[in-house]
Amino acid sequence: MKKKSFAVIGLSLFGTSLAKTLYELGQDVIAIDTDLDKVEGIKDFVSHAKQAEVTDTDSLRQAGVAHCDVAIVAKSDEKSIITTIILKELGVKTIVAKTKDELHRLALQKVGATKVIFPEKEFGVRLANQLITSDILEHIELSKDYWIKEVDAPKHFFNCVLNEIKSIDHYGVLIIAIKRDDDLIIMPSG
């Protein structure tokens, strides 16, 4: 995995968790917030922690966001729209912004957010799917009609060759990976 540089702007619980996790995964992370206490609290868990005014171009430039591969606007307040505009002006290629509702999502998209996320809604859908179906371990919705689901294989699949299972014909399922203990086989052949 190629190392990237990230700016996480807004050290809410979501932003702090995201910044720390990216850093733990070996990425360069600049954590930015207007609140000095939040900046001080994260400085040992990221590459750089900066106090900056998130609605001021010079402040964000001085914090180093213009040199980042990805900027994440981790707070979904009114300032996030202005912050997204500034990031676009600074030339940040990938801007991920957190939204609070559909109108906010639309505004963020219009001003240049590459990706808009609604973590509470997305996690709620994912958790609901896990809770109602006991055999689903993970669930990622690709579109209204397509999902990626991690499921325990039914017993009648054990000791079978994939060509014998005919997963698409009988079940409408395409097997894209097989996990056995710590081994993962991606795109298994027949």
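Quick check, is residue 88 in a loop (DSSP other than H, G, I, E, B) and open to solvent by 30 Å² or more (accessible area, probe 1.4 Å)? Here the answer is no, as residue 88 does not meet what is asked. When the stretch 129-163 is limited to residues that are open to solvent by less than 50 Å² (accessible area, probe 1.4 Å) and aliphatic (A, V, I, L, M), the one that is modelled with the lowest pLDDT turns out to be 136. If you filter the stretch 56-80 down to residues that are under 19 Å from residue 35 (Cβ atoms) and polar (S, T, N, Q), you find that the one that is least open to solvent (accessible area, probe 1.4 Å) is 80.
One residue stands out in the stretch 91-126 among those that are among the basic types (Lys, Arg) and in a helix (DSSP H, G or I): the one that is modelled with the highest pLDDT, namely 110.
Of all the residues in the stretch 29-78, those that are of a type in the set (D, E, K, R) and either closer than 14 Å to residue 12 by Cα or in a strand (DSSP E or B) (or both) number 8. Residue pairs whose Cβ atoms lie under 7 Å apart, sitting 6 or more positions apart in sequence or on different chains, and linking a residue in the stretch 85-105 that is at negative phi and of a type in the set (D, E, K, R) to a partner that is part of a helix (DSSP H, G or I) and surrounded by fewer than 22 Cβ atoms within 10 Å (Cβ to Cβ), are 89/57; 98/14; 98/119.
When the residues of the stretch 7-52 are filtered to those that are of a type in the set (D, E, K, R) and surrounded by fewer than 16 Cβ atoms within 10 Å (Cβ to Cβ), the one that is farthest from residue 111 (Cα to Cα) is 44.
Going through (1) assigned to a helix (DSSP H, G or I); (2) under 28 Å from residue 2 (Cα atoms); (3) within 22 Å of the chain's Cα centre (by Cα) one by one, residue 81 falls short only on (2).
The values are calculated or read from the model by the stated rules, or taken from the named source; none is laboratory data. Keep in mind that what you see is a predicted model, and the values were worked out from it rather than measured. When we count neighbours, we look across all protein chains shown, and the Cβ atoms used for this are built from the backbone with ideal geometry, even at glycine. Calculation scope for accessible area: heavy atoms of the full protein, side chains included, ligands and nucleic acids excluded. Shrake-Rupley method; radii C 1.70, N 1.55, O 1.52, S 1.80 Å.
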